[in-house]
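Shown next, in structure tokens, is the structure this report addresses.
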Amino acid sequence: MSEASACHGVASGDPLTTQVIIWTRVSPRIAGSDVTVTWKVATDSALTNVIKRGSLKTGPSRDHTVKVDVTGLKPGTIYYYGFSVGTETSTIGRTQTAPATGGERLNIALVSCSNFPAGWFNAYQAIARRGDVDLVLHVGDYIYEYGPGEYATEWGKTVGRVPEPPKEITTLSDYRLRYAQYRTDPDLQAAHACAPWMVTWDDHETSNDAYKDGAENNNPSTEGPWNLRKAAALQAYYEWMPLRNPAPGKSFEAINRTFDWGDLATIVMLETRVLARTFQLDYATDLEPGLFDVTSGKPVKITDPARLSGLDPRNLPQGVMALPDIAGFKEKKLNDPSREMLGESQQAWLAEALTKSVKSGKKWQVLGNQVIMGRVTSPNFNAGLPPTVLEAIAKARPQTKAFFELSQFDVPFNLDAWDGYPAARERLYASAKAAGARLIVCTGDTHAAWANTLKDAGGEVRGVEFGGTSVTSPSIADTFANFGLEGAALNELITRANPEVEWHEETKRGYTLVSITPESVRGDFMELDTVKSKTFLVTKATSWETTYGPKPQGLVAV
Ligand SMILES: [Fe+2]
């Protein structure tokens, strides 16, 4: 809302049984001035039957954003809300509270990776049009930090979707301006206005491949200390997103929180980036070569110190080769139990939340999770891809060629995913098992869609994962398409190499509708034919379902 016109729309989120957050932003005529905003909540869309109202001041200290935690509402009820400054009024939003008991169906629209310059927000428009969405679950990469000319910004130039400010964002005012730009998008505004959202961030709300003490895309010598950049990014996030501010004494980083939806489900929002995540491993630096005896045809690592001391790596005798020491990498680094995703205190909090949820009779435990949890081992690309494609990639992308060499050795496909932190994943699974949880893991990050059956190290099913594709961000299939590889071939290679992956689609943008009932949870994978035109078609690619049973069940196609 502006004192002159509607600019950034309205939003709501974090519904409890009697509370919900409502949000807007005032764009003042006079920069720097404080403004009094009034708000009202009603039971009708014309805002005539008002049941709650109030006013508050906003100003430059919070970028003129307005966030109200409306209390005293009725459980399981639809409400409408709006704001005004003087005679100027905002658009009207629709929201709802969580039911206190029961709950026959919960429809969640799962989204992630909404990159403004990479395409039109058609997925958001499709969600707003449905009319049956109870919650929008955004699991991260709501914004991207890049400047013009950087990742996925090329197409945006042709239609005026150029990042604002026109640089990589690093300061509080930069992050604020980036949110303000995204929120001018009418499709995003419509998705916010249609239902309450539950949000958690991934890396791009701060910077690419963020972890506790830094990020791949943060150079402290030119972009300042990580802690300052992170603090700026998180402040803008809490100003602009419709989530409840942390409880007193809790830091902005502690975005992990839970919601109950009647007797149906508990939704647990996780934080796996800035609270505790250990630095990502990197094959280029963490995978050391070892000397192997290859005389039998099967490489055997030479560990005898006497034999090793007699070998000159620059002049190895026949039958001895220097090869990547995959077993050593897995044993010493990948499986190191000290590698963290949630951190000790969040893991303990999660264990308690799952136990409490199951004990209080909730059927399903839904995790709002950032990066893929299912095991995804790299397929053997050198054996699986056509020679013409391999040659083209080798010429243009030496790093990808090096990874393809490694891909014959059963290594994780993505070390930034839970696969890079297997001991932390087992800790999560162990707490789910101890609680008797039925995990429904809702994930983003990969710009590709996944239907995964999750199994612990002992091979027991712990739950299922719906990995939603991106709203707009391109996937690796877009990169590989430049070298003549069909998306379907890539999907097939990845699916065939991975027993936990039931279905996988790399080439389409869209959203996933996760429908939860007491008996089953179904994921409808919704695909757009394009994000490069405002005229688009949305179709259901496939549906996968898990049914409630005495033990967690995997996914089956329906
Ligand atoms: Fe992303």
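The values are calculated or read from the model by the stated rules, or taken from the named source; none is laboratory data. Nothing here was measured: the structure is a model prediction, and the numbers come from that model. When we count neighbours, we look across all protein chains shown, and the Cβ atoms used for this are built from the backbone with ideal geometry, even at glycine. Keep in mind that these areas ignore ligands, DNA and RNA; they rest on the heavy atoms of the full protein, side chains included. Shrake-Rupley method; radii C 1.70, N 1.55, O 1.52, S 1.80 Å.
Some points to look at:
- Selection count where residues are over 16 Å from I267 (Cβ atoms) and within 18 Å of the chain's Cα centre (by Cα), scope the range 101-118: 5
- Given (1) under 30 Å from L537 (Cβ atoms); (2) assigned to a loop (DSSP other than H, G, I, E, B), number of the condition R94 does not satisfy: (2)
- Within the range 506-544, if we keep just the residues that are in a loop (DSSP other than H, G, I, E, B) and polar (S, T, N, Q), the residue that is surrounded by the fewest Cβ atoms within 10 Å (Cβ to Cβ) turns out to be T535.
Rundown of residues vs (1) within 16 Å of the ligand (Cβ to nearest atom); (2) on the phi < 0 side of the Ramachandran plot; (3) touching a Cys at 6+ places or on another chain (Cβ under 7 Å), yes/no style:
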| residue | (1), (2), (3) |
| --- | --- |
| G467 | yes, yes, no |
| S473 | yes, yes, yes |
| D478 | yes, yes, no |
| N482 | no, yes, no |
| A489 | no, yes, no |
| E492 | no, yes, no |
| A497 | no, yes, no |
| F525 | no, yes, no |
| T530 | no, yes, no |
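- Restricting Y144, Y151 to those that are within 16 Å of the ligand (Cβ to nearest atom), open to solvent by 10 Å² or more (accessible area, probe 1.4 Å) and on the phi < 0 side of the Ramachandran plot reduces the list to Y151.
- The residue of the range 482-498 that is surrounded by the most Cβ atoms within 10 Å (Cβ to Cβ), among those that are in a loop (DSSP other than H, G, I, E, B) and of a type in the set (A, V, I, L, M), is L485.
- Residue in the range 213-230 that is within 21 Å of R62 (Cβ to Cβ) and small (G, A, S) present: no
- Of the residues making up the range 32-54, at least one is at pLDDT below 95, away from the ligand (no atom under 16 Å from the Cβ) and open to solvent by less than 30 Å² (accessible area, probe 1.4 Å).
- Among (1) open to solvent by less than 60 Å² (accessible area, probe 1.4 Å); (2) closer than 30 Å to D263 by Cβ, the one test that P379 misses: (2)
- The numbered conditions (1) at negative phi; (2) touching a residue at least 60 places away in the same chain (Cβ under 8 Å); (3) away from the ligand (no atom under 16 Å from the Cβ) are all true for G436 except (1).
- Within the range 104-118, if we keep just the residues that are part of a strand (DSSP E or B) and surrounded by fewer than 24 Cβ atoms within 10 Å (Cβ to Cβ), the residue that is nearest to the ligand (Cβ to nearest atom) turns out to be N107.
- Tally of residues being modelled with pLDDT of 95 or more, surrounded by fewer than 16 Cβ atoms within 10 Å (Cβ to Cβ) and over 17 Å from V136 (Cβ atoms) across the range 73-88: 1
- For the range 456-466, the count of residues that are crowded, with 24+ Cβ neighbours inside 10 Å and basic (K, R) is nonzero.
- Residue within the range 321-339 that is of a type in the set (S, T, N, Q) and surrounded by 12 or more Cβ atoms within 10 Å (Cβ to Cβ) present: yes
- The set of residues in the range 405-454 being open to solvent by 10 Å² or more (accessible area, probe 1.4 Å), among the aromatic types (F, W, Y) and assigned to a helix (DSSP H, G or I) consists of F409 alone.
One line per residue, one yes/no per condition, for (1) more than 16 Å from the ligand (Cβ to nearest atom); (2) out of contact with any Leu (no Cβ under 9 Å at 6 or more places or on another chain):
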| position | (1), (2) |
| --- | --- |
| G156 | no, yes |
| Q181 | yes, yes |
| D187 | yes, yes |
| V199 | no, no |
| T206 | no, no |
| S221 | yes, yes |
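- Counting only residues that are over 12 Å from F116 (Cβ atoms) and assigned to a loop (DSSP other than H, G, I, E, B), the range 152-165 holds 1 of them.
- Of all residues in the range 470-481, those satisfying the criterion of being in contact (Cβ under 8 Å) with a residue 40 or more places away in the chain and assigned to a loop (DSSP other than H, G, I, E, B) are S470, V471, T472, S473, P474.
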